[in-house]
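Heads up, the thing below is written out as structure tokens.
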Amino acid sequence: RATAAAGLALGTAALGVAFAPAALAVPEMLPPLQGESTATVGQPYVLSGTDCDASTTKDAAVLVDVYTAAGYEDPNGEPVLSLDGTPENGDWSALLAFTADAATGEYVALAVCEPYAGGDDYLLYPEFSFTLQAAPAPAPAPAPAPTPAPAPAAKPVVTSVLGTQAITPGVTAVKATSAVNDKLAAPGEKVVRVIKGFQPFEVVTVTLHSTPQTVGTFTADANGVLTAEFTVPAGTEVGDHTLVYNGTVTYYQESFEVTGAGDPRLAYTGASIALPLALGTGLVALGGGALLVTRRRASGASQA
């Protein structure tokens, strides 16, 4: 049996006794009970009535019994809730509470206004029917928000403008013994650049800008020194360019000039030996002349 709480000063009288046949010979009907047509398990439900006035029935009391529909039809049925209390100025209300074990379905409430103790005049309320429904299912807990994936590490951005990309600290160009280690070359010419400050054995892609042209991929040595040996692509526009060294963790760039094939600033291997050859020829001629003079002097001396 479910338990109930009432908003009345409750006593212990039983409605079943009040409804004994001898007591209900000629009952007087009071106005209908008031309540919602539906009650919910676990939630409060209020049933109220009027006109149970103590001025006409001294020390009046209200008794309420609540039955299941099946229990109401059964002559031996027992109420699942029984309440009693004293009305105020003829009006009263009862707070019904259906616990989780209460059966859902149709219910019937019976109420009576009873006179002072020992009296036989009972004022009845018409039976009142309502439906008990199950409590709504709790809303599911919201799913936890997914953990965002970590952002990938940013790779160096290749750029064609010197200085717009941060150069990795400690990376610098070094002078090599090769005469072609320069920053000036014509299309089709060989270039050797030596750069230090890379990670040991770091793989580096070298690109010639302004129009990006990859000129090679190279690997730094155990000391982080990179030797990039490549040929300036044919058709490269004459003018200022940028060499970009884009490693797996290191970035470096430097200015580079592409010039025409006839530029006098270009190293010319033949010119480097022209002066020594000319000097050598002159020395040979001078040596031959001295030998001739010596021989003539020796010949004149013998004749004398």
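Structural remarks
- Qualifying positions in segment 32-87 - of a type in the set (A, V, I, L, M) and either open to solvent by 20 Å² or more (accessible area, probe 1.4 Å) or assigned to a loop (DSSP other than H, G, I, E, B) (or both): 33, 41, 46, 54, 60, 61, 69, 70, 80
- Annotation for segment 226-248: no member residue is more than 23 Å from residue 266 (Cα to Cα), open to solvent by 50 Å² or more (accessible area, probe 1.4 Å) and over 39 Å from the mean Cα position of the chain (by Cα).
- Selection count where residues are within 22 Å of residue 122 (Cα to Cα) and among the aromatic types (Phe, Trp, Tyr), scope segment 36-86: 2
- Across segment 131-150, not a single residue is classified as at pLDDT below 70 and in a loop (DSSP other than H, G, I, E, B).
- Pair list, Cβ < 8 Å and 6+ apart or interchain, from segment 40-59 residues that are closer than 16 Å to residue 129 by Cα to residues that are at pLDDT below 70: 46/7
The values are calculated or read from the model by the stated rules, or taken from the named source; none is laboratory data. Note that the structure is a prediction, hence the values are computed from the model and not measured. Note: ideal-geometry Cβ built from the backbone for every residue, glycine included; neighbour counts use all protein chains shown. Surface areas here come from the heavy atoms of the whole protein model, side chains and all, with no ligands, DNA or RNA. Shrake-Rupley method; radii C 1.70, N 1.55, O 1.52, S 1.80 Å.
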